[in-house]
1. Quick one: longest stretch of the chain between exposed loop chymotrypsin sites (Phe, Trp or Tyr not before Pro), exposed meaning at most 12 other C-beta atoms within 10 Å and loop per DSSP?
2. Compute the Rg to Rh ratio over the stretch 631-711 from the alpha carbon atoms, using the Kirkwood formula for Rh, and round to two decimal places.
3. So, with +1 on the Cβ of K and R and -1 on the Cβ of D and E, and no other charges, what is the size of the charge dipole of the stretch 663-759 about its Cα centre, to the nearest 20 debye?
4. More than 23 angstrom separation, counting every C-alpha pair in the stretch 320-447; what % is that?
5. Explain nothing, just compute: Karplus ³J(HN,Hα) = 6.51 cos²θ - 1.76 cosθ + 1.60, θ = phi - 60°, for every residue of the stretch 204-215 in order, whole Hz, x for Gly and Pro.
6. Cross-link list Lys394/Lys462; Lys477/Lys511; Lys266/Lys671: which exceed 20 angstrom alpha carbon to alpha carbon?
7. Give me the accessible area per residue for the chain, probe 1.4 Å, as a whole number in Å².
8. Under 14 Å Cα-Cα from Lys366, which aspartates and glutamates qualify once same-chain neighbours fewer than 8 residues away are excluded?
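The values are calculated or read from the model by the stated rules, or taken from the named source; none is laboratory data. Note that this is a predicted model, so its numbers are computed, not measured. Cβ atoms come from the backbone with ideal geometry, glycine included; neighbour counts cover every protein chain shown. Just the protein is used for accessible areas: all its heavy atoms, side chains included, with ligands, DNA and RNA removed. Shrake-Rupley method; radii C 1.70, N 1.55, O 1.52, S 1.80 Å.
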Amino acid sequence: MDYIYDLRYLPKEKLALAGGKASSLSMMMINLKMNIPMGYVITADGFRDGKIKEEALRELEQLTAKLRTDRTYAVRSSAIGEDGAGNSFAGQYETLTDVAVEKIREAVDIVAGSAKNARVKNYKTQNSIEGEGIGVVIQEFVKPDLAGVIFTSDIITGKDDKIVGNYVHGEGEALVSGTANAGEFRIGTMEYSYEGDPEIKPYAKTLRKYCLSIRSFYGVPMDIEWAVSGRKVYILQARPITTLQRIDHKTYAVNGSGSGCKLLTKTNVGEIFMKPVSPMTFSVLEKINDVLGLPDWLDNIYGQAYMNISVMCSLMMSFGKTREKAYEAVRELAGEIPEGVEIPVSPFDKKVFLHKMKSLFFPKNKSRLSRKQKHEMVLNLDRISDDLITEIRKINDSTALMKYWDDVLQPYLNDGLASIMAESGMSLLPLFGTRRKIATIAGEDMANRLCTGCVGIIDCMKPMLLLEDVAEGRMKKEEYIRICGHRSADEMELMSPRPYEDPSFPDSLLKDMKTGSSPLHKMQEQQKRSYEEALSEFKQKYPSKAGWIDREIRKFIHANVFREDIRSKGVRIFCVFREYILKAGALNGLGDDIFMLSFSEMFSLLKGDDSALMYIPARKENFEKYNSYPGFPNLVVGKFDPDSWLADPDRRYDVFVSGRSSKEDISSDVKGFAGAAGVVTGTVRVIDDIKNIGDINEGEILVTRATNVGWTVAFHKVSAIVTDIGAPLSHAAIVAREFGIPAVVGCRNATNVLKTGDLVTVDGSKGTVVVKK
């Protein structure tokens, strides 16, 4: 058949023509184990002007001839765009139930014809919906004893710790139309609980199981229609809750806080992405989420990147950790959470996560490199990346560029990932526990002294250290560009130009660099001497631990050096990907507009499918709008509306908690993590954007939202560093420790409380900043 398909076997290429309802039913039937009434769909191309085509009619006659006459059927609309993430069309089209086989033809005509009714036209006008097309579902009718609707999340708050349901006796149409009084019930999601009428309780566990499975499969909050017939639970349809939408991919309208109650933080991720991410870059972040099996882990509010702490804690709780223990496990990555704020958590399907991890560590397209070859690849990633860029620049047509991806770049990325994972193993674990182990034996002060200055010169320090070498004539500019030209403040944003693209970039940096004293080299050497003194003191005081401390410090040094080296090599890989994207844009006359596509849309374009180009103007408009906003709060809990926040004269940049007044719990104290030891009194310089970095004067205390490798070229000027965003493993803390620059990170409110010109004392050991009166 060309127009009618069994929902259990609907081909992927027909999903769009089947319409929203049929596509959803088909995917659930194929992928999930639950009771769904069997059925068929007449695809949208089987109708013309609201009437069934002759060819489709003949197929319908063949179908009805084999349907069981002792059963009745429900005939429903399945319009293109219906039951989607943006619009549900609930109640707009006709639905006929309990239809006898001989009446199906007539019912199909009525349902298909309802696409022309006034309700549908008004709904499309009000919701700015374009396009036509309606499929029709013919499904076995389940005569319900009870029927209703379940929301997997609270449609107002977005919380999903409970499933919220309504029900009526008989068909669910009475619930939708309001002709019957509905009962309500709630079912716990994190662990089973039931609140509501006793007559639903016998079915509550099955409803919970089905709903959690559907929520996990779609990855978004769901609106689910169900029925109970003969003491058996059936799922009738499922669609996203339109009021809890995370992203409209067509327009790049994105607000991660809108799809549920989450705790989002800029700690760590805010250091990497200081400006809104482009659609292209966000599509890569979404791919990372998918590969790791962590839905929405790297999240997005109006382009600004956040890390989803809720999903990390939910994952750990699925393996038996308490909420408190789960947060403690991610504290060094996430930063502090304000007192009284509870981390929202959600049901998490650990089976999906474990499957993703298995695929990551044991991929189907397994690298054929030996362990030795993997080691050599990691060592040579810089050179390999440069060679690939040279080859990409020579390609002159889309077909060849697509072939280069398939034959060269994709295998390179697979081998590169496998090589990095083989090299890393458990080597990063010392980053998280070494300081605590030493402190248990010798106290916090000794732990800070031993973990400061021991690492030496790591990759993120090179842009400023080697710049001194250039200024002193010990290194040529060309060599500096080769080593550091890929590092910048926006190095992980694919749309952002790389320094090496402008060979004159070191000149502007050199203008700001004093010659003759090499202060940064001296500062780093002084830190090394202090570390060596601390190590000697530890061994004299704890001689039995001498061998142990050497091993622990050696592992700690390796973990720090390896992390920064891998991060630098990861940036090199991003440079290769950027060059590839630029070439795709050039070959198709798009220029930088290519970054308004996702990477999958780019590949489709290279294969000749340019259908995604129509989305560029709307995405570009939204992306430009996102770049006009200031930085949003460092920590967001619940639904956050940027425009309402911006209109609030008392808005805060440290924390936003939905439902709380912005005036609650305001503190004038500036406290954070002890980033780097030392006490300094000096004058504050608040910098809100790296483009103003030249405003810093010698000896001032830098106060900013966050720093990354792009900011380090100014560290030679500052006497201390204070950041809103950060944790002990953040960039500012790591670099400051190695140069002996006192630092307090993760203060949340420093840029709010402190003003340029304030005289303050920064205590990097205690994590405090005190304003001098």
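1. No qualifying site falls inside 320-773, the longest such stretch.
2. Rg divided by Rh gives 1.01.
3. In total the dipole reaches around 100 debye.
4. Beyond 23 Å sits 60 percent of the P(r) for the stretch 320-447.
5. Here the 3J(HN,Hα) series is 5, 5, 5, 4, 4, 4, 5, 5, 5, 5, 5, 4 Hz.
6. Over 20 Å Cα-Cα: Lys394/Lys462.
7. 45 Å²
8. Excluding near neighbours in sequence, the set is Asp415.
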